[in-house]
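Read the structure below first, then the notes.
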Ligand SMILES: Cc1cc2nc3c(=O)[nH]c(=O)nc-3n(C[C@H](O)[C@H](O)[C@H](O)COP(=O)(O)OP(=O)(O)OC[C@H]3O[C@@H](n4cnc5c(N)ncnc54)[C@H](O)[C@@H]3O)c2cc1C
């Protein structure tokens with residue numbers, strides 16, 4: 001008999017399974033497909049090495065669980081390229097028109113190695129021995145003591161409890177429950193993006209970036225194949241490049257013309273960004289054609305919406321032997337990956353864990369923070385160099401070191417807050433009677449020594465950099481310039497501590 005059977009190896013089920021496995025619990029993850037990830041699927045382009053996300057790609061700065069998990073798993077995040085001119089394609093014959101330079105992605109972030117890197121890291125923590133691929137759940141029944149799970153290949157499993165982490169609509173349409181449960185609220189919940197299709201392609205160079213374009217475009221004419229496009233490359237530089245898009249064609253039309261879609265995609269990309277894109281080979285993921293993502297009801301209900309799910313989707317049933325997880329059950333950010341993690345954390349709470357339990361082996365409290373800071377050091381320095389190169393490439397050398405240092409510091413401190421939000425603290429470490437002040441003081445000490453090592457690395461790098469010889473002020477930083485940078489960094493550190501104090505006060509109040 002299994003302790004906890006989890007069905008569905010998307011981000012929600014996998015994060016939950018990895019957390020329980022990390023606690024040493026008896027957990028087995030059953031997944032219908034022959035791969036993990038669900039609506040996360042990343043392909044690596046053989047020529048350029050670029051990771052192309054054909055499902056979920058973006059997360060945002062205000063999504064603490066996703067950010068903390070990426071940081072904890074040591075996965076590097078990059079900013080979504082959003083700079084330059086956008087295009088509008090409203091007339092199939094006339095070609096694109098400029099549509100301004102306003103960013104459209106709201107500060108979105110991606111993982112340098114694609115979201116698949118997060119899935120691979122979680123799968124590594126779960127361990128192959130706890131994983132059953134190719135297991136399509138068809139029914140689940142309660143014996144009054146445990147649950148029985150039946151799979152399409154005729155196999156059966158028994159577990160103390162089961163967590164179904166598949167889209168609620170699929171659960172309602174494809175799984176039989178005994179005793180019967182009220183499936184109406186499950187069937188009503190649209191699976192976010194299930195009826196869509198996405199394309200991505202890597203190219204040796206990004207002609208749109210060379211032309212000062214962002215890669216963002218929208219198409220409004222009737223014959224458009226793609227409704228929108230966006231850059232999928234890495235920050236900085238114009239080679240190699242990658243571009244992606246969402247289809248404007250509906251699922252039926254896509255199915256009817258599937259063989260011709262790559263050519264149609266390449267042709268619209270060429271019309272937007274230059275003839276050389278006509279020869280590129282787009283990858284296409286049509287999620288509407290995937291039975292373990294898209295339910296029949298999602299096809300007849302194609303207007304996309306992310307709505308707050310009813311509480312019925314979050315209830316424990318069968319005296320605590322049946323639970324539902326998955327992004328569409330989340331209270332916060334349903335439909336998004338952040339919602340998938342929030343749902344995993346909610347199930348952990350239902351199983352008796354404290355808030356913030358989705359820690360994936362992170363050491364609790366300040367020890368966890370110290371470990372995270374240490375692991376983040378190299379990435380912070382890489383981020384400084386990236387921001388510096390960007391400023392120099394854009395011919396903005398004035399105070400390039402100062403801005404790049406501050407950008408890299410603010411990035412790390414922003415992530416540090418997310419990491420703190422997800423750490424576990426003993427009540428004494430957060431108490432108003434001095435515990436919280438002491439925690440903030442010690443965290444401040446750790447952040448200060450990190451910042452001082454970071455600044456030391458920056459000054460040493462600048463002094464030895466050949467590229468910076470052409471910019472004497474940045475190469476051998478004068479004392480007053482160094483003072484100004486240190487003052488900026490210290491202000492950022494002060495702001496971090498104030499925010500940290502507020503965050504810990506909120507955590508203490510929630511305990
Ligand atoms: C094209 C596209 C783009 C997106 N872009 C973004 C984005 O940029 N940012 C963002 O935050 N979100 C985005 N999303 C949404 C995001 O992918 C989801 O919120 C998230 O991946 C959901 O994770 P999940 O684990 O809840 O569900 P899923 O990923 O759907 O996982 C469910 C799992 O259950 C399995 N399963 C289904 N039926 C059965 C069965 N009967 N038996 C066993 N297993 C079963 C499936 O195979 C799947 O692995 C996008 C989605 C798509 C399709």
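The values are calculated or read from the model by the stated rules, or taken from the named source; none is laboratory data. The structure presented is a predicted model; accordingly, all values stated were derived computationally and were not measured. Cβ coordinates were reconstructed from backbone atoms using ideal geometry, including for glycine residues, and neighbour counts include every protein chain displayed.
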Legend entry - Answer residue from segment 327-352, given it is modelled with pLDDT under 95 and not in a helix (DSSP H, G or I) and is farthest from the ligand (Cβ to nearest atom) among those: 352
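Residue-by-condition table, conditions (1) outside the structural domain of residue 324 (by TED's automatic domain parsing); (2) crowded, with 16+ Cβ neighbours inside 10 Å:
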| position | (1), (2) |
| --- | --- |
| 149 | no, yes |
| 154 | no, no |
| 161 | no, yes |
| 168 | no, yes |
| 200 | yes, yes |
| 210 | yes, no |
Legend entry - Residues being over 30 Å from residue 270 (Cα atoms) and in contact with a strand residue (DSSP E or B) (Cβ under 8 Å, 6 or more places away or on another chain) - total across segment 282-314: 2
Inset, instruction - Enumerate the pairs (first residue in segment 49-68 and within 18 Å of residue 247 (Cβ to Cβ); second residue anywhere and away from the ligand (no atom under 12 Å from the Cβ) and not in a strand (DSSP E or B)) with beta-carbon separation below 9 Å, excluding pairs fewer than 6 apart on the same chain, so at least 6 apart or on different chains. - result: 52/45
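Yes/no matrix, rows are residues, columns are (1) within 16 Å of the ligand (Cβ to nearest atom); (2) surrounded by fewer than 16 Cβ atoms within 10 Å (Cβ to Cβ):
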{"site": "31", "(1), (2)": "yes, no"}
{"site": "49", "(1), (2)": "no, yes"}
{"site": "60", "(1), (2)": "yes, no"}
{"site": "64", "(1), (2)": "yes, no"}
{"site": "69", "(1), (2)": "yes, no"}
{"site": "72", "(1), (2)": "no, no"}
{"site": "79", "(1), (2)": "yes, no"}
{"site": "98", "(1), (2)": "no, yes"}
{"site": "107", "(1), (2)": "yes, yes"}
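Mind telling me which of the residues 470, 462 ends up being out of contact with any strand residue (DSSP E or B) (no Cβ under 9 Å at 6 or more places or on another chain), modelled with pLDDT of 90 or more and assigned by TED's automatic domain parsing to the domain that holds residue 499?
On the way: 470 fails: modelled with pLDDT of 90 or more.
The match here is 462.
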Inset, instruction - Determine the pairs where a residue that is assigned by TED's automatic domain parsing to the domain that holds residue 183 and more than 16 Å from residue 182 (Cα to Cα), located within segment 307-331, has a partner that is away from the ligand (no atom under 13 Å from the Cβ) and assigned to a loop (DSSP other than H, G, I, E, B) with Cβ atoms under 6 Å apart, the partner being 6 or more residues away or on another chain. - result: none
Legend entry - Those residues of segment 491-508 which are under 24 Å from the mean Cα position of the chain (by Cα) and more than 13 Å from residue 447 (Cβ to Cβ), in sequence order: 503, 507
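Being closer than 24 Å to residue 53 by Cα and either more than 10 Å from the ligand (Cβ to nearest atom) or not assigned by TED's automatic domain parsing to the domain that holds residue 339 (or both) is the filter here, so list the residues in segment 170-190 that pass it. Walk me through it before giving the result.
First pass over segment 170-190, keeping only residues closer than 24 Å to residue 53 by Cα: 170, 190.
Passing the criteria: only 190.
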Legend entry - Subset of segment 502-511 (residues that are touching a residue at least 12 places away in the same chain (Cβ under 8 Å), part of a helix (DSSP H, G or I) and surrounded by fewer than 16 Cβ atoms within 10 Å (Cβ to Cβ)): 505, 510
Legend entry - Any chance residue 308 is more than 13 Å from the ligand (Cβ to nearest atom), farther than 30 Å from residue 98 by Cβ, modelled with pLDDT under 95 and assigned to a loop (DSSP other than H, G, I, E, B): yes
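Sort out which residues of segment 1-19 are more than 11 Å from residue 325 (Cβ to Cβ), touching a strand residue (DSSP E or B) at 6+ places or on another chain (Cβ under 8 Å) and more than 7 Å from the ligand (Cβ to nearest atom), and write them in order of number. Give the derivation first.
Residues of segment 1-19 more than 11 Å from residue 325 (Cβ to Cβ): 1-5, 9, 18-19.
Now restrict to residues that are touching a strand residue (DSSP E or B) at 6+ places or on another chain (Cβ under 8 Å): 1-5, 9.
The answer is 1, 2, 3, 4, 5.
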Legend entry - Of all residues making up segment 166-183, the number that are in a loop (DSSP other than H, G, I, E, B) and closer than 21 Å to residue 10 by Cα: 3
Inset, instruction - For segment 33-47, name all the residues that are outside any loop (DSSP other than H, G, I, E, B), crowded, with 21+ Cβ neighbours inside 10 Å and at negative phi. - result: 42
Inset, instruction - Kindly indicate which of 303, 316 is surrounded by fewer than 16 Cβ atoms within 10 Å (Cβ to Cβ), modelled with pLDDT of 95 or more and away from the ligand (no atom under 15 Å from the Cβ). - result: 316
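Would a scan of segment 391-408 turn up a residue that is part of a helix (DSSP H, G or I), more than 27 Å from residue 370 (Cα to Cα), modelled with pLDDT of 90 or more and not assigned by TED's automatic domain parsing to the domain that holds residue 66? Give the derivation first.
If we filter segment 391-408 for residues that are part of a helix (DSSP H, G or I), which is where we start, we get 391-393, 400-408.
Those left that are additionally more than 27 Å from residue 370 (Cα to Cα): 391-393, 400.
Going one step further and asking which of them are modelled with pLDDT of 90 or more, we end up with 400.
Still in the running and not assigned by TED's automatic domain parsing to the domain that holds residue 66: 400.
There is at least one residue in segment 391-408 that is part of a helix (DSSP H, G or I), more than 27 Å from residue 370 (Cα to Cα), modelled with pLDDT of 90 or more and not assigned by TED's automatic domain parsing to the domain that holds residue 66.
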Inset, instruction - Show the residue pairs that are 6+ apart or on different chains and have beta-carbon atoms under 7 Å apart, the first residue being within segment 419-446 and farther than 24 Å from residue 376 by Cβ, the second being in a loop (DSSP other than H, G, I, E, B). - result: 427/511
